[in-house]
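Structure first, commentary second.
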Amino acid sequence: MRPDSAELWRRALPGDSPNFPLCLAPMVGLSHVALRLVLRSYLPAGAKTPWPTEMLSSRKLPQQKIGLTPETARGEDEDVLVPQILGNEEASIRDSVRCLQTWGAAGIDINMGCPVEKALRHNYGVALMGDPAYAAQVVEMTVRHARVPVSVKLRAGPQGDFDFLKNFVGGLKSAGAAWITLHPRTAEQKRRGRADWSQIRRLKRETAGPLVGNGDIQTAEDVFAMLDETGCDMVMAGRALAARPWLLWQVGEDLGWAPPPGKEGREAPRTPLEEGAEYGRALLALIAHSRRYFNEDLALRKVRFHLRTTTPWLTYGHTLMSLSTRARHLEEFAPWVEEFFSAPQEMSPRTDLLS
Ligand SMILES: Cc1cc2nc3c(=O)[nH]c(=O)nc-3n(C[C@H](O)[C@H](O)[C@H](O)COP(=O)(O)O)c2cc1C
């Protein structure tokens with residue numbers, strides 16, 4: 001991490017400051033405890049990076065048994081957790097923040113990027129970008145009730161209007177947002193088309209404080225390209241990091257970090273065959289963690305959803321996917337996975353990221 005970024009993080013997230021330039025994106029159905037634990041096993045020794053949850057409804061959270069729901073289950077040793085909330089009402093935000101702090105949140109992230117119909121109807125998620133003054137109030141009320149830093153994840157402005165974005169972010173910063181994550185697609189684009197990294201570059205140049213860039217990262221080269229081209233303080237990756245969790249190891253290795261604990265003396269997988277074999281190992285670990293943290297049905301559904309998002313990178317991913325749809329539970333599926341990966345499998349560096 002660049003020294004200026006490290007300094008910005010020390011101020012934004014004191015005590016638990018990130019020192020590594022890559023983190024996982026919040027993704028409904030994917031960024032759960034099982035995936036986080038797999039990813040953490042690939043984090044270089046001594047590296048610290050923030051960890052998301054799936055987005056959590058601030059309306060539901062206060063009524064739930066936090067830590068015991070699938071979305072809030074967490075591993076005992078998980079640090080720097082920055083759960084993401086979705087909401088717009090002070091009372092539920094206050095109660096959610098309190099629950100999450102007791103649970104162990106190191107920070108709270110507010111979702112201002114979710115474009116699904118329900119979020120638009122209830123005026124949260126990306127709908128908040130249509131009301132800059134209210135969006136700033138949502139940050140202000142969250143900061144008032146939080147003793148941990150508050151960040152916001154958002155999208156590009158309407159029709160990619162950069163001045164709108166800059167003013168919008170200025171309002172959030174004045175309201176106390178400690179850092180911003182920008183996924184530079186417009187609400188209308190959803191996840192289609194290309195993320196416009198030039199918006200990240202301009203926002204970094206024209207605003208203060210840490211900026212996390214997100215969108216279309218697939219390889220270690222992409223991580224370094226985004227850092228170089230945009231000057232952002234950290235790169236966030238979603239789909240590709242779920243598919244190749246060892247991207248953390250590759251990036252760490254390129255930066256001179258020690259291998260992840262337990263992987264001393266080994267090099268990160270790089271070739272299509274090495275990555276294909278590692279996909280199998282990571283999937284078996286995901287299955288084991290899913291069986292530990294979720295009930296049988298949910299564990300199978302979570303693993304299937306993970307496969308739907310990540311198998312496009314595998315040459316014969318469709319075969320693996322269809323095996324998972326035939327399996328009745330993960331106990332049955334795990335040996336099929338072992339058999340599938342007993343033959344060499346290849347993973348391609350890129351897909352067209354249509355999922
Ligand atoms: C299945 C799925 C679920 C997502 N859920 C969320 C979410 O809950 N909160 C959020 O801020 N973004 C969500 N996103 C968007 C990602 O955080 C990220 O911005 C987007 O996938 C672009 O990054 P990528 O190209 O590295 O995947 C989701 C994306 C996917 C694919």
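A few comments on the model shown:
- Qualifying residue in region 86-105 (condition: within 15 Å of the ligand (Cβ to nearest atom) and under 14 Å from the mean Cα position of the chain (by Cα)): no
- For region 166-179, the criterion of being assigned to a strand (DSSP E or B) and at pLDDT 95 or above is met by at least one residue.
- Checked against (1) in the same structural domain as GLY29 (by TED's automatic domain parsing); (2) away from the ligand (no atom under 14 Å from the Cβ); (3) in contact (Cβ under 8 Å) with a residue 24 or more places away in the chain; (4) not aliphatic (A, V, I, L, M), PRO260 passes all but condition (1).
- Every listed requirement among (1) touching a residue at least 24 places away in the same chain (Cβ under 8 Å); (2) closer than 18 Å to ARG239 by Cβ; (3) among the basic types (Lys, Arg) is met by ARG291 save one, (2).
- Residue tally, condition farther than 17 Å from GLU140 by Cα and not in a helix (DSSP H, G or I), over region 53-107: 30
- If you go through region 62-87 and keep only what is in contact with a Gly (Cβ under 7 Å, 6 or more places away or on another chain) and either more than 22 Å from LEU30 (Cα to Cα) or aliphatic (A, V, I, L, M) (or both), you end up with ALA73, LEU81, VAL82, LEU86.
- Count of region 106-147 residues which are within 29 Å of LEU68 (Cα to Cα), of a type in the set (S, T, N, Q) and more than 16 Å from the ligand (Cβ to nearest atom): 1
- For ARG301, the requirement of being free of Cβ contacts under 8 Å to residues at least 40 places away in the same chain and either within 16 Å of the ligand (Cβ to nearest atom) or surrounded by 18 or more Cβ atoms within 10 Å (Cβ to Cβ) (or both) is met.
- Within region 256-279, the set of residues being over 23 Å from VAL33 (Cα atoms), assigned to a loop (DSSP other than H, G, I, E, B) and not aliphatic (A, V, I, L, M) comprises GLY256, TRP257, GLU264, GLY265, ARG266, GLU267, PRO269, ARG270, THR271.
- Selection count, region 230-243, where residues are touching a helix residue (DSSP H, G or I) at 6+ places or on another chain (Cβ under 6 Å) and more than 10 Å from the ligand (Cβ to nearest atom): 4
- Flag if LEU182 is farther than 22 Å from VAL28 by Cβ, within 15 Å of the ligand (Cβ to nearest atom) and in the same structural domain as GLU89 (by TED's automatic domain parsing): no
- Test: GLY209 is outside the structural domain of TRP9 (by TED's automatic domain parsing) and at positive phi: no
- Residues of region 150-163 classified as more than 17 Å from ALA195 (Cβ to Cβ) and surrounded by fewer than 16 Cβ atoms within 10 Å (Cβ to Cβ), total: 1
- Among the residues of this structure, GLN218 counts as one that is assigned to a loop (DSSP other than H, G, I, E, B) and under 21 Å from TRP313 (Cβ atoms).
- As for region 280-287, it holds at least one residue that is buried (at least 16 other Cβ atoms within 10 Å of the Cβ), assigned to a helix (DSSP H, G or I) and within 16 Å of the ligand (Cβ to nearest atom).
Residues are listed down the side, and each one gets a yes or a no for (1) over 13 Å from the mean Cα position of the chain (by Cα); (2) more than 16 Å from the ligand (Cβ to nearest atom); (3) modelled with pLDDT of 95 or more:
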site: ALA6; (1), (2), (3): yes, yes, yes
site: GLY15; (1), (2), (3): yes, yes, no
site: PRO18; (1), (2), (3): yes, yes, yes
site: PRO26; (1), (2), (3): no, no, yes
site: HIS32; (1), (2), (3): no, no, yes
site: GLN84; (1), (2), (3): no, no, yes
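- Every listed requirement among (1) in contact (Cβ under 8 Å) with a residue 40 or more places away in the chain; (2) out of contact with any Ser or Thr (no Cβ under 9 Å at 6 or more places or on another chain) is met by PHE168 save one, (1).
- Contact annotation: residue pairs with Cβ atoms under 7 Å, 6 or more positions apart or on different chains, pairing a residue in region 318-331 that is surrounded by 16 or more Cβ atoms within 10 Å (Cβ to Cβ) with a partner that is not in a helix (DSSP H, G or I), are LEU320/LEU314.
- In region 88-124, the residues that are of a type in the set (Gly, Ala, Ser), more than 17 Å from LEU24 (Cβ to Cβ) and touching a residue at least 40 places away in the same chain (Cβ under 8 Å): SER96
The values are calculated or read from the model by the stated rules, or taken from the named source; none is laboratory data. It should be emphasised that the depicted structure is a prediction, and the values quoted were computed from it without experimental measurement. Because the Cβ atoms are built from the backbone with ideal geometry, glycine has one as well, and the counts that use them run over all protein chains shown.
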